[in-house]
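The values are calculated or read from the model by the stated rules, or taken from the named source; none is laboratory data. Given the structure is predicted, the values throughout are model-derived calculations rather than measurements. Heads up, the Cβs are rebuilt from the backbone with ideal geometry, glycines too, and the neighbour counts pull from every protein chain shown.
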Amino acid sequence: MPIEVKNLVHVYMPGTPFEAHALKGVSLAVRDGEFVGIIGHTGSGKSTLISHLNGLEKSEPGAVFVNGMDLGDKGADLIAVRRAVGLVFQYPEYQLFEETVAKDVAFGPSNLKLPAEEIERRVSEAILRVGLDPSVSDKSPFELSGGQKRRVAIAGVLAMQPSILILDEPAAGLDPAGRREMLSLIRNIHDSGTTVVMVSHSMDDVGRCCDRLFVLNRGEIAFSGTPAEVFLHDEALHGMGLDVPECAKLANRLRREGFDIPEGLFREEEVCAAILNHLGKGGKQPC
């Protein structure tokens, strides 16, 4: 397993009046090549959880394994872990600082003391991989649009050639077109063989992209499964401050009203086909 989390607990400011339990015995596993979504309301523990996955945070009790390595061991090679696990924080464009795009993307590989030719190759490949024109290499990142800046920040992580990519709300703040382009980019990265973990509060986004979901609520995993399995719990999710895709909501409601609609549908084309099939069989008309 690329990532295994076992009974992870994290408490902020323990022993003080401000003590807060961010994670309460969380266990999960991410399989090689998967696209996994971690969803939950603000304060549910999503960002705290992913900060443990490359050793930025350490907690006891509990354990985190990356490619079989226990990150809690004193001899754990955290440099190797952070090469394997690329972490893209929310609004990563705010972390750009170099005078050119190429220098910003090269920052991580340069710290690995790689040969200049290898750094140049990685930078060029990463810029192309995020869908930017090579001509941006010599531009200041601060001359670019917000979406382009975010792509530069992601390119800087990809230049480290991680086998696992973790993204915290990668489409946050983007307009609808930018959101679609960003999700398409991430799917392409996954399709190239990278294991992806994406944190989001958008059920539509995770429904379109992810193989499996973990729903966090108040520091615990409330539900896990495929998007179709998780979206069946629409009323419980609503109680956690979450929603499900509109088509899943419609399918679940019609089924509760007696319509012959299969469980687990959440895509528009699937729900439309199921309604037409129901009506074709002489089923009752929508109210």
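At least 1 residues being β-branched (Val, Ile, Thr) and over 25 Å from Arg121 (Cα atoms) is the threshold, and among the strands (runs of 3 or more DSSP E) wholly inside the range 35-111 those reaching it are 35-39, 63-66. Restricting the range 1-18 to residues that are touching a strand residue (DSSP E or B) at 6+ places or on another chain (Cβ under 6 Å) and outside any strand (DSSP E or B), which is nearest to Ser200 (Cα to Cα)? Across the range 1-18, the extreme among qualifying residues is Pro2. Considering only the range 241-250, I want to know if a residue exists there that is out of contact with any His (no Cβ under 9 Å at 6 or more places or on another chain), on the phi < 0 side of the Ramachandran plot and exposed (fewer than 15 other Cβ atoms within 10 Å of the Cβ). For the range 241-250, residues out of contact with any His (no Cβ under 9 Å at 6 or more places or on another chain), on the phi < 0 side of the Ramachandran plot and exposed (fewer than 15 other Cβ atoms within 10 Å of the Cβ): present.
Based on what the data block shows, is Ala126 in contact (Cβ under 8 Å) with a residue 60 or more places away in the chain, part of a helix (DSSP H, G or I) and within 21 Å of the chain's Cα centre (by Cα)? No; evaluated as a whole, the condition is false for this residue.
Hey, among the residues in the range 153-177 that are part of a loop (DSSP other than H, G, I, E, B) and within 13 Å of the chain's Cα centre (by Cα), which one's surrounded by the most Cβ atoms within 10 Å (Cβ to Cβ)?
The selected residue is Pro170.
All of Gly75, Gly55 fail the test of being modelled with pLDDT under 90, more than 20 Å from His201 (Cα to Cα), buried (at least 19 other Cβ atoms within 10 Å of the Cβ) and of a type in the set (Gly, Ala, Ser), apart from Gly55.
From the list Arg121, Arg180, Arg150, the lone residue that is under 16 Å from the mean Cα position of the chain (by Cα), surrounded by fewer than 20 Cβ atoms within 10 Å (Cβ to Cβ) and part of a helix (DSSP H, G or I) is Arg180.
Here's the yes/no breakdown for (1) crowded, with 21+ Cβ neighbours inside 10 Å; (2) at positive phi; (3) not basic (Lys, Arg):
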position: Ala20; (1), (2), (3): no, no, yes
position: Arg31; (1), (2), (3): no, no, no
position: Thr42; (1), (2), (3): no, no, yes
position: Ile50; (1), (2), (3): yes, no, yes
position: Pro61; (1), (2), (3): no, no, yes
position: Val66; (1), (2), (3): yes, no, yes
position: Met69; (1), (2), (3): no, no, yes
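Let me confirm something: among Arg31, Arg82, which residue is basic (Lys, Arg) and over 22 Å from Glu220 (Cα atoms)?
Of Arg31, Arg82, the one residue that is basic (Lys, Arg) and over 22 Å from Glu220 (Cα atoms) is Arg82.
Criterion applied to Phe223, Phe214 was being free of Cβ contacts under 8 Å to residues at least 24 places away in the same chain, closer than 20 Å to Ser47 by Cα, in contact with a strand residue (DSSP E or B) (Cβ under 8 Å, 6 or more places away or on another chain) and crowded, with 18+ Cβ neighbours inside 10 Å, and the one residue passing it is Phe223.
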